[in-house]
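Scroll down for the structure; my scribbles are underneath it.
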Amino acid sequence: MTKTSILPDPQTFSQAVNRLHRSSLRPASLGMTEPGSVALSMGEPDIGTPGAVVQAAISALKSGRTRYTAQSGLPELRRALAETYSERSGRIIQPEQVVITHGGSAGLAASVFAMVSPGDRVLIPEPTYSLYADQLAMAGADGIWISNHADGRLNLESLEREAPTARMIILCNPGNPTGRVYAADEMLALAAILEKNPHLLLLADEAYADIVYDGLPFLSSLCLHSIADQVIYSNTFSKSYAMTGWRVGFVVASPERAEAINLVHRSINGSLNTFVQDAALIALQTPEKDLAALTESYRERRDAVVDVLSRIPGVSLLKPQGAFYAFPKIATKLNSVQMAERFAANGVIVRAGSEYGPSGEGHVRISFATDMESLNEGMKRFAETVQAIA
Ligand SMILES: Cc1ncc(COP(=O)(O)O)c(C=O)c1O
């Protein structure tokens, strides 16, 4: 997996592209796997989209739902999301606070471009999802990595120190790539930092909020009522409902910020596919028990991965508490890109930990959202490779 093949060239490309080219650590091709290899690299549920959701899209298409919709999203979907998240957050969220976006990715990008100006400092607790740094580079902002403590907790001291001169914090919770679920006391301490710094925004990416294990309490940023106006909440249908290819996400923010985010989003994306939004409305009605059953099946796979990793000498791991990734550290002289290459050469594809921030060096990311048979084979090859490189 290599970076993009274009070369930085200020004569040919925009400054945004040149900045992105210089700083991006994201691989150019995310889906290519050699025949015979086991891919534990993709952040994508292995199951298909629920039948009722597929059926809803087919019916919508057949009934001619193929024209433009409102640019901020289908009013019924905004209303349904406002109701769902009012209930989950214990505060009233109005439909005009919800913007329907082209997947979580476009919601994050629109939020960054609506709220962050060139030169702004943005704090990124890491290891974390690699897209944030790329979007900040495009916006010309100054992304500041704030390394989490070794036990996975937020480095609240550093965040507090940097807060007065920062514009935004971008938090991924539950964490990709770590599977870390930040504890209530960390979230409350973060809220206290934002309260003390009213100019500071929290862009909270909770793409994996529905995938939390072992009955662990999950405190959503939307429940931090004292900083409600400073929170920009991003989520997606991709992971919860196995809808990665449908491209539908949403942002919740104060009415004024939501309008600004929508202005950016519609200027790039226009309105979202009408029949996809019809189907998303049905996805939202997925019974709780079905979501719980899916989480339980990821939990079984997490346990299988943790079991293998805990037996390999030289491997250490913080047990994933949510999402569907494990982020082991491996004692070897190789860096994480070289490690990923060695794993790939032995037929198991994982992602280099350095993609996710400086403290990801020495780690690799394993996605366990794949079937048990492939996972077992992949983990067997993983264990063999670690023994060879340790
Ligand atoms: C933390 C996180 N946020 C956002 C996204 C992007 O979601 P989408 O596919 O809806 O653009 C991903 C996808 O991997 C993710 O892991």
Hits in segment 312-324 (condition: surrounded by fewer than 17 Cβ atoms within 10 Å (Cβ to Cβ) and under 22 Å from residue 209 (Cβ atoms)): 319
Residue in segment 294-301 that is surrounded by 15 or more Cβ atoms within 10 Å (Cβ to Cβ) and touching a strand residue (DSSP E or B) at 6+ places or on another chain (Cβ under 8 Å) present: yes
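To keep it simple, each residue is scored yes or no on (1) in the same structural domain as residue 146 (by TED's automatic domain parsing); (2) of a type outside the set (D, E, K, R); (3) closer than 20 Å to residue 46 by Cβ; (4) assigned to a helix (DSSP H, G or I).
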position: 355; (1), (2), (3), (4): no, no, no, yes
position: 359; (1), (2), (3), (4): no, yes, no, yes
position: 364; (1), (2), (3), (4): no, yes, yes, no
position: 374; (1), (2), (3), (4): no, yes, yes, yes
position: 381; (1), (2), (3), (4): no, no, yes, yes
position: 384; (1), (2), (3), (4): no, no, no, yes
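Quick check: is even one residue across segment 229-241 over 30 Å from residue 373 (Cβ atoms), charged (D, E, K, R) and outside the structural domain of residue 372 (by TED's automatic domain parsing)? Lay out the reasoning, then the answer.
Let us first name the residues in segment 229-241 that are over 30 Å from residue 373 (Cβ atoms), namely 229-235.
When the remaining residues are screened for being charged (D, E, K, R), the result is 229.
In the following step, the residues that additionally are outside the structural domain of residue 372 (by TED's automatic domain parsing) were identified as 229.
Yes: one or more hits.
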Filtered residue count, segment 100-125, keeping only those that are within 14 Å of the ligand (Cβ to nearest atom) and either on the phi < 0 side of the Ramachandran plot or in contact with an Asp or Glu (Cβ under 8 Å, 6 or more places away or on another chain) (or both): 14
Tally, over segment 166-186, of residues that are surrounded by fewer than 24 Cβ atoms within 10 Å (Cβ to Cβ) and among the small types (Gly, Ala, Ser): 3
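For residue 272, indicate whether it is touching a strand residue (DSSP E or B) at 6+ places or on another chain (Cβ under 8 Å), over 30 Å from residue 376 (Cα atoms) and within 13 Å of the ligand (Cβ to nearest atom). Let's see the steps before the verdict.
Numbers: touching a strand residue (DSSP E or B) at 6+ places or on another chain (Cβ under 8 Å): yes; over 30 Å from residue 376 (Cα atoms): yes; within 13 Å of the ligand (Cβ to nearest atom): yes.
For residue 272, the condition - touching a strand residue (DSSP E or B) at 6+ places or on another chain (Cβ under 8 Å), over 30 Å from residue 376 (Cα atoms) and within 13 Å of the ligand (Cβ to nearest atom) - is met.
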Residue among 344, 326 that alone is out of contact with any Leu (no Cβ under 8 Å at 6 or more places or on another chain) and either among the hydroxyl-bearing types (Ser, Thr, Tyr) or in the same structural domain as residue 379 (by TED's automatic domain parsing) (or both): 344
Which numbered condition residue 327 misses (of (1) within 16 Å of the ligand (Cβ to nearest atom); (2) open to solvent by 60 Å² or more (accessible area, probe 1.4 Å)): (2)
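Being assigned to a helix (DSSP H, G or I), open to solvent by 10 Å² or more (accessible area, probe 1.4 Å) and within 28 Å of residue 19 (Cβ to Cβ) is the requirement here; does residue 137 meet it?
On the way: assigned to a helix (DSSP H, G or I): yes; open to solvent by 10 Å² or more (accessible area, probe 1.4 Å): yes; within 28 Å of residue 19 (Cβ to Cβ): yes.
When the stated conditions are applied, residue 137 passes them.
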Given (1) assigned to a helix (DSSP H, G or I); (2) under 20 Å from the mean Cα position of the chain (by Cα), number of the condition residue 268 does not satisfy: (2)
Condition broken by residue 122, with the remaining ones in (1) over 20 Å from the mean Cα position of the chain (by Cα); (2) β-branched (Val, Ile, Thr); (3) buried (at least 21 other Cβ atoms within 10 Å of the Cβ) satisfied: (1)
Some residue of segment 248-269 being under 29 Å from residue 50 (Cα atoms), open to solvent by 20 Å² or more (accessible area, probe 1.4 Å), touching a residue at least 24 places away in the same chain (Cβ under 8 Å) and of a type in the set (A, V, I, L, M): no
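The values are calculated or read from the model by the stated rules, or taken from the named source; none is laboratory data. For clarity, every value in this text was computed on a predicted model and none was experimentally measured. A quick note on method: Cβ atoms are made from the backbone with ideal geometry, for glycine too, and the neighbour counts reach across all protein chains shown. These area figures cover heavy atoms from the full protein model, side chains too; ligands, DNA and RNA do not enter into them. Shrake-Rupley method; radii C 1.70, N 1.55, O 1.52, S 1.80 Å.
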